[in-house]
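Below you'll find the structure, written out as C-alpha cells, and then a few comments.
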Amino acid sequence: MKSLLTVFIALALLVVVSPASTVFYIGIDNTGTGEFEQEGGGRVDNKYYWENGDYTTVDGISGSVGELWTSGMEPWLDASSILGFARAITSGATTHHIYFQLGADEVGTDKSLTFTVDFYGGGQGAGLPGTTHDIDFYLNDVKFHTVTGMTAAGQLMVVNGIDVSTLSEGEHVLSWVRTGGNAGWINVDYLSLVAVPEPSRALLAMVGCAVLFGGRRKGRF
C-alpha cells in the first residue's frame, strides 16, 4: 500500500508541477561592479530596459514613465551614452527603474514573484558618519518591501511571495527609492526577479485522493 501511495505522489509531481522561471537577472554574483555603469554625473540614467515593450503606459511611481523600447536588452555597461545599469545607490542617485515583461503564465492568483538583490561594500567620505540607507521597493505603483538603516556591510535581500494576483500579462516596472539615511553609497552586486508557481489544485487533489485511498485500504485490512 505504501508503494502505491508513493507512485501516486510521484506521478502527480511529474505531471503538474512546473518550475520557477527567471523574469530577469542583472549582474554577476562576484562581489564586484565592473559589469555596471558608474552612477550619477550624467553617466547613466535611472531607467533600465530588460526587454522590448511599450512602457509608456506603465503605472509606476513618480518619474518611472518609460518609452517604447525596441533595442532589446539594454547593456549593463555603455560608457559612451546614458545607457547602462547604475552600480550603486547613493544619497544623490536615489531612484532606479527596471522595465520588463511578465508572461501569461507568470501572473494570476496561483503565482508569486521572488525578488533578490545583493547589496555590499557601502562607503562614506573620510571623517563623515558611517553610511546608512532606507530604501523602498515598488512593483509598478505598489510598495512590496522596505529596508531601514542598511549599513555599509550591506545584505543579501530576498523577498518572497510578491503578489501578482491583480497583474496582467505585459509591461511592468520594478523600482526602488532611497528615502533616508546618512550620505554615502551601497553597491549592487546582482539582482533577479523569479516567477514562482504555487502547487496546482490538480496536484493537491491527486495527493489527497492517494492519501484517502491509502487510508481506506489500511482500514479494511
Query raised in the report: Just wondering, is there one or more residues in region 23-31 that are more than 23 Å from HIS172 (Cβ to Cβ), modelled with pLDDT of 95 or more, β-branched (Val, Ile, Thr) and not in a strand (DSSP E or B)?
Result: yes
Report task. Could you check region 75-181 for strands (runs of 3 or more DSSP E) lying wholly inside it with 3 or more residues that are closer than 22 Å to ILE61 by Cβ, among the hydroxyl-bearing types (Ser, Thr, Tyr) and touching a residue at least 60 places away in the same chain (Cβ under 8 Å)? Result -> 111-123
Query - Residue that is most open to solvent (accessible area, probe 1.4 Å), among those in region 106-131 that are under 17 Å from ARG87 (Cα atoms) and among the polar types (S, T, N, Q) - result: GLN124
Query - GLY72 at pLDDT 95 or above, surrounded by fewer than 20 Cβ atoms within 10 Å (Cβ to Cβ), under 17 Å from the mean Cα position of the chain (by Cα) and small (Gly, Ala, Ser) - result: no
Requested in this report: Could you grab me the full set of residues in region 47-57 that are more than 17 Å from the chain's Cα centre (by Cα), in a loop (DSSP other than H, G, I, E, B) and surrounded by 12 or more Cβ atoms within 10 Å (Cβ to Cβ)?
Outcome: ASN52, TYR55
Requested in this report: Could you list, in sequence order, all residues of region 58-69 that are open to solvent by 100 Å² or more (accessible area, probe 1.4 Å) and either of a type in the set (Asp, Glu) or within 13 Å of ASP45 (Cβ to Cβ) (or both)?
Outcome: ASP59
Query - Evaluation of ASN140 against (1) farther than 24 Å from PHE24 by Cα; (2) open to solvent by less than 40 Å² (accessible area, probe 1.4 Å); (3) not hydrophobic (A, V, I, L, M, F, W, C) (one fails), failing number - result: (1)
Query raised in the report: Taking region 183-203, which residues are within 21 Å of ASP134 (Cβ to Cβ) and modelled with pLDDT under 95?
Result: ALA183
Query raised in the report: Looking only at region 148-186, which residues are closer than 24 Å to TYR49 by Cα, open to solvent by less than 80 Å² (accessible area, probe 1.4 Å) and of a type in the set (Val, Ile, Thr)?
Result: VAL158, VAL159, ILE162, VAL164, VAL173, VAL177, ILE186
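The values are calculated or read from the model by the stated rules, or taken from the named source; none is laboratory data. Source: prediction; values computed, not measured. Every residue, glycine as well, gets a Cβ built from its backbone with ideal geometry; the counts of neighbours run over all protein chains shown. Quick note on the areas: whole protein, heavy atoms, side chains included, nothing else; ligands and nucleic acids left out. Shrake-Rupley method; radii C 1.70, N 1.55, O 1.52, S 1.80 Å.
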